[in-house]
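The values are calculated or read from the model by the stated rules, or taken from the named source; none is laboratory data. Small disclaimer: the values here were computed from a predicted structure and weren't measured. Cβ coordinates were reconstructed from backbone atoms using ideal geometry, including for glycine residues, and neighbour counts include every protein chain displayed.
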Amino acid sequence: MKTGTVSPIGRHELKVSQVLNESGELVGELPGIADDRLADMFRLMCLGRRLDQKAIALQRRGKLGTYPPLSGQEAASVGSAFAMNLDIDYFVPQYREQLAMFHWGLPLSTYLLNRMGHPAGADLPANGRLWPQQVALAAHLPHAVGQAWGLQLQGKPGVVLTQFGDGASNEGDFHEALNIAGVHNVPVVFVCQNNGWAISIPWEKQSAATSVAQRAAGYGFPGVTVDGNDVFAVYAAVAQARARAERGEGPTLIEARCTRMGAHSTADDPTRYVPADYVAEAERRDPIKRFRIWLASRGLWDDDREQLCIQWCDEQIEEAVRAFDATPRPDPETIFDHVVAHPDLRLRRQRDEFRKMQEKL
Amino acid sequence: MSTMTVVESIRRTLDEEMARDERVIVLGEDVGQSGGVFRATDGLQAKYGKSRVFDMPVSEAGIIGTSIGLAASGLIPVVEMQFLGFTQQAFHQVGNQLARMRYRTRGSLTMPVTIRAPYGGGVRTPELHSDAFEALFAHSPGLRLIAPATAADARGMLAAAIRDPDPVFMLEPLRGYRLVRDEVPDGDHVVPFGKARIARAGRDVTLIAWSAMVQVALEAAKLAAEEGTDVEVIDLRSLVPLDTDTIRDAVKQTGRVVIVQESPLSGGFASEVAASVANDAFLYLKAPVCRVSGYDTPYPVPHLEDHYIPDAQRVLRGIRSTLNF
Ligand SMILES: Cc1ncc(C[n+]2csc(CCOP(=O)(O)OP(=O)(O)O)c2C)c(N)n1
């Protein structure tokens, strides 16, 4: 891969690997991806963009709870997910990785139920390789390490992918997880989506380090920085890291430098802190725009396909919203379900009392 | 039956459970070659190898967090926390992550993880090595919290913990590790959670204690007997789930309750026990519930700790005050 882009993030200028530049031109070596997979990647990225719009609208109407948009980060999320092997690999997400979770088999309607706060939103695909989204920043990183280490110890196949933000990389759990991963040489791929902000805190106020990736050196394994708005650069870096892990060479930390186009969440107002040039830069670096230009230049995209894609996205979303609307309100007594395998007397009595109270209402 | 100390009984149980189920692994700080700072894991690495007994970096949150992933992968981690005080470094991984993983995933991820930690003072340890904060963990739904006082219970409860499909936190009586020695049943010995043990029968006053305080309570009962008071001692041994039925029945008999704990008074687990007495046996009470406890101060330095930890004399004063109410 070539190094080209200068990241807009932070006080230090940083060279990052790039394959597809902002104008949709190939500036590096294209990873080998079949044409139909390219189209799938693009469609999933488009689905993310349209879902953001729909979900924000639903949130404004009071139908969804807080929603974390991912516009601007589609390439980082989808590029890393597609570089993994869905048949054997695991994914341990933070809260903004809905697209990678869909790739691992999470139904869109389940995701909406989750954001709505319905208990059925916690149901995970039966393959057992998708973890629930993590709310506590970086708390899932040691889980990913343990999952990967456990596979290795038992001679089971598979590599674990985990994603998180730049803010999360300042938590103790990040450092403890990376350290243990290094010591035990576990097959895990850490992907940090550094969008330059942890809610309102810019990277330079989060850390004095030039990059997240450089921290890997302290744990004895490679750290690489890629243009996170470039789906091919992300894919290539994750595919390489995955291959390394599979060969028994241990973990890799990948820092995908990406841009966030909207707010941190529907509860956030970025106009209070994001400078105008960041917004303009995010538009300029749009991962979808450049991917579309490149696909078209290869004859893999045109207006018809674009129309079909938008239609497909909207159908997916509408169908999920319908399923979500059709899901009955949960039985209140389910708050007592799944606390422990064998509820003790005290919990059973609380449940009985709760039921009686409900019956009287 | 064989007579052994608490730490010997823990070691034997770990050995037997590792032999019984090859998914059982042991991890923690210094647990391998060195056998743990209290030697509870001594010999395990030599016997089961470096792929089942792991020396971990000094990294409490990392150790618990990694165990969550190891459990998901199909293993049964038994974690040694070197001292309970340092489990605070990993509290979020215990309370927010491990304890609620089953709930969060509606049962698709279950966590058969056992955490063992020596707990309490009385052996002149440096700062933060003696703190007794059981109430913190009792307040984490989804987590079992057990606190055996004898070698026999340490064996039976640790075996139950390792075989349980949910996370269990076992508080081990640090000062009882080598001091307490009793008869441990041979063969398969499992003590189910949520069943208190009557450590001594009596008619006049009920003493409720757990872990190292059970010995103190028994001593106090002896002193009280010399004064003609017949004291019953209940060893809770399991804090979560709590055997409120045994507590209620005892209070119905005696009408007088003294609860002994080593931790600070305010917000301690004794308050939970007192509330259950008030709830279940209020009309049988002949005197207010008395708590004999550590104080609302940080755990003091070794020269002063004997003044902090409840001893038999302090418990005896508690017994007298409930009798003379
Ligand atoms: C342990 C913890 N502390 C604080 C929060 C509140 N919080 C939620 S998101 C966030 C910023 C996260 O930034 P980053 O890791 O860069 O991820 P991004 O949201 O940009 O994807 C904070 C502080 C939290 N969820 N968890």
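Here the condition is being small (Gly, Ala, Ser), more than 28 Å from A:Gly155 (Cα to Cα) and in contact (Cβ under 8 Å) with a residue 12 or more places away in the chain; of B:Ala99, B:Ala135, B:Ala71, B:Ala61, it holds for B:Ala135 alone.
Mind checking whether some residue in region A:248-264 is among the polar types (S, T, N, Q), in a strand (DSSP E or B) and in contact (Cβ under 8 Å) with a residue 40 or more places away in the chain?
Taking region A:248-264 as the starting set, the residues that turn out to be among the polar types (S, T, N, Q) are A:252, A:259.
Imposing the further condition that a residue be in a strand (DSSP E or B) reduces the set to A:252.
Still in the list and also in contact (Cβ under 8 Å) with a residue 40 or more places away in the chain: A:252.
Checking region A:248-264: at least one residue is among the polar types (S, T, N, Q), in a strand (DSSP E or B) and in contact (Cβ under 8 Å) with a residue 40 or more places away in the chain.
The residue that is surrounded by the fewest Cβ atoms within 10 Å (Cβ to Cβ), counting only those in region A:94-135 that are within 15 Å of the ligand (Cβ to nearest atom) and within 11 Å of chain B (Cβ to nearest Cβ), is A:Val135. Quick check on my filter: what residues within region A:265-288 are at pLDDT below 95 and assigned to a loop (DSSP other than H, G, I, E, B)? Matches in region A:265-288: A:Ser265, A:Thr266, A:Ala267, A:Asp268, A:Asp269, A:Tyr273, A:Val274, A:Pro275.
Of all the residues in region A:177-212, those that are away from the ligand (no atom under 14 Å from the Cβ), within 24 Å of B:Met56 (Cβ to Cβ) and of a type in the set (A, V, I, L, M) number 7. Let me confirm something: among A:Val226, A:Val186, which residue is β-branched (Val, Ile, Thr) and part of a loop (DSSP other than H, G, I, E, B)? Going through A:Val226, A:Val186 in turn, just one is β-branched (Val, Ile, Thr) and part of a loop (DSSP other than H, G, I, E, B): A:Val186.
Pairs are defined by a Cβ separation below 7 Å, a sequence spacing of at least 6 or placement on different chains, a first member in region B:25-52 that is closer than 22 Å to B:His129 by Cα, and a second member that is among the aliphatic types (A, V, I, L, M) and in a loop (DSSP other than H, G, I, E, B); the pairs so defined are B:Leu27/B:Met56; B:Gly28/B:Met56; B:Gly28/B:Met81; B:Glu29/B:Met56; B:Glu29/B:Val58; B:Asp30/B:Val37; B:Thr41/B:Val31. Do we find that A:Gly172 is free of Cβ contacts under 8 Å to residues at least 40 places away in the same chain and near the ligand (Cβ under 7 Å from one of its atoms) in this structure? Criteria not met by A:Gly172.
Quick check on region B:65-82. Is at least one of its residues within 14 Å of chain A (Cβ to nearest Cβ), within 16 Å of the ligand (Cβ to nearest atom) and surrounded by fewer than 24 Cβ atoms within 10 Å (Cβ to Cβ)? Within region B:65-82, not a single residue is within 14 Å of chain A (Cβ to nearest Cβ), within 16 Å of the ligand (Cβ to nearest atom) and surrounded by fewer than 24 Cβ atoms within 10 Å (Cβ to Cβ). If the condition is being among the small types (Gly, Ala, Ser) and within 13 Å of the ligand (Cβ to nearest atom), then region A:245-281 contributes A:Ala256, A:Gly262, A:Ala263, A:Ser265, A:Ala267. With the condition kept exactly as written, say whether any residue in region B:198-205 is under 17 Å from B:Cys290 (Cα atoms) and surrounded by 16 or more Cβ atoms within 10 Å (Cβ to Cβ). Within region B:198-205, one or more residues are under 17 Å from B:Cys290 (Cα atoms) and surrounded by 16 or more Cβ atoms within 10 Å (Cβ to Cβ).
Taking the conditions (1) touching a strand residue (DSSP E or B) at 6+ places or on another chain (Cβ under 7 Å); (2) farther than 23 Å from B:Glu262 by Cα; (3) not basic (Lys, Arg) in turn, B:Gly142 satisfies each one other than (1). Among the residues of region A:136-146, those that are under 18 Å from the mean Cα position of the chain (by Cα) and within 7 Å of another protein chain (Cβ to nearest Cβ) comprise A:Ala136, A:Ala139, A:Pro142, A:His143, A:Ala144, A:Val145.
Being modelled with pLDDT of 95 or more and part of a helix (DSSP H, G or I): is that true of A:Gly155 here? No: the conditions fail for A:Gly155. Counting only residues that are more than 18 Å from B:Val315 (Cα to Cα) and over 19 Å from the mean Cα position of the chain (by Cα), which one in region B:251-273 is farthest from the other protein chains (Cβ to nearest Cβ)? Checking each candidate, the answer is B:Gln253. Taking the criterion of being within 16 Å of the ligand (Cβ to nearest atom), part of a helix (DSSP H, G or I) and in contact with a helix residue (DSSP H, G or I) (Cβ under 7 Å, 6 or more places away or on another chain), the residues of region A:136-152 that qualify are A:Leu141, A:Pro142, A:His143, A:Ala144.
The single condition among (1) part of a helix (DSSP H, G or I); (2) within 18 Å of the chain's Cα centre (by Cα); (3) over 21 Å from A:Ser265 (Cβ atoms) that A:Ile180 does not meet is (2). Applying a threshold of 8 Å to beta carbon distances and a minimum spacing of six or more residues, or different chains, the list of pairs starting in region A:36-60 at a residue that is more than 24 Å from A:Ala296 (Cα to Cα) and ending at one that is assigned to a helix (DSSP H, G or I) and hydrophobic (A, V, I, L, M, F, W, C) reads A:Lys54/A:Ile317; A:Lys54/A:Val321; A:Ala55/A:Leu112; A:Leu58/A:Leu112; A:Leu58/A:Val321.
So, of the residues in region A:233-265 that are buried (at least 19 other Cβ atoms within 10 Å of the Cβ) and among the polar types (S, T, N, Q), which turns out to be farthest from A:Val183 (Cα to Cα)? Among residues in region A:233-265 that are buried (at least 19 other Cβ atoms within 10 Å of the Cβ) and among the polar types (S, T, N, Q), the one farthest from A:Val183 (Cα to Cα) is A:Thr259. If you go through region B:18-62 and keep only what is in contact with a Gly (Cβ under 7 Å, 6 or more places away or on another chain), under 19 Å from B:Gln89 (Cβ atoms) and within 12 Å of chain A (Cβ to nearest Cβ), you end up with B:Phe54, B:Asp55, B:Met56, B:Ala61.
Out of B:Gly142, B:Gly122, one residue alone is of a type outside the set (Ser, Thr, Tyr) and more than 14 Å from chain A (Cβ to nearest Cβ). It is B:Gly122. Residue pairs whose Cβ atoms lie under 6 Å apart, separated by 6 or more positions or on different chains, with the first residue in region A:80-108 and among the polar types (S, T, N, Q) and the second part of a loop (DSSP other than H, G, I, E, B), are A:Gln94/A:Gln134. Would it be correct to say that A:Gly223 is in contact with a Lys or Arg (Cβ under 9 Å, 6 or more places away or on another chain), more than 9 Å from the ligand (Cβ to nearest atom) and at pLDDT 95 or above? When the stated conditions are applied, A:Gly223 passes them.
Exactly one residue out of A:Arg43, A:Arg96, A:Arg115 is touching a strand residue (DSSP E or B) at 6+ places or on another chain (Cβ under 8 Å) and basic (Lys, Arg): that is A:Arg96. Within region A:169-177, is even one residue more than 9 Å from chain B (Cβ to nearest Cβ) and under 13 Å from A:Leu253 (Cβ atoms)? There is at least one residue in region A:169-177 that is more than 9 Å from chain B (Cβ to nearest Cβ) and under 13 Å from A:Leu253 (Cβ atoms). So for region A:66-77 (the condition being away from chain B (no Cβ under 14 Å), over 17 Å from A:Gly228 (Cβ atoms) and within 16 Å of the ligand (Cβ to nearest atom)), does at least one residue qualify? Within region A:66-77 (the criterion being away from chain B (no Cβ under 14 Å), over 17 Å from A:Gly228 (Cβ atoms) and within 16 Å of the ligand (Cβ to nearest atom)), the answer is yes, since at least one residue qualifies.
Among the candidates A:Ile335, A:Ile310, A:Ile317, which residue alone is in contact with a Cys (Cβ under 9 Å, 6 or more places away or on another chain) and closer than 30 Å to A:Thr110 by Cα?
Being in contact with a Cys (Cβ under 9 Å, 6 or more places away or on another chain) and closer than 30 Å to A:Thr110 by Cα holds for just one of A:Ile335, A:Ile310, A:Ile317, which is A:Ile310.
Restricting region A:147-168 to residues that are of a type in the set (Gly, Ala, Ser), under 15 Å from B:Leu70 (Cα atoms) and without any contact (Cβ under 8 Å) to a residue 60 or more places away in the chain leaves a set whose member that is farthest from the other protein chains (Cβ to nearest Cβ) is A:Gly155. Among the residues of region A:289-339 satisfying the criterion of being aliphatic (A, V, I, L, M) and not in a helix (DSSP H, G or I), which is farthest from A:Ala120 (Cα to Cα)? Going through the qualifying residues, I end up with A:Leu300.
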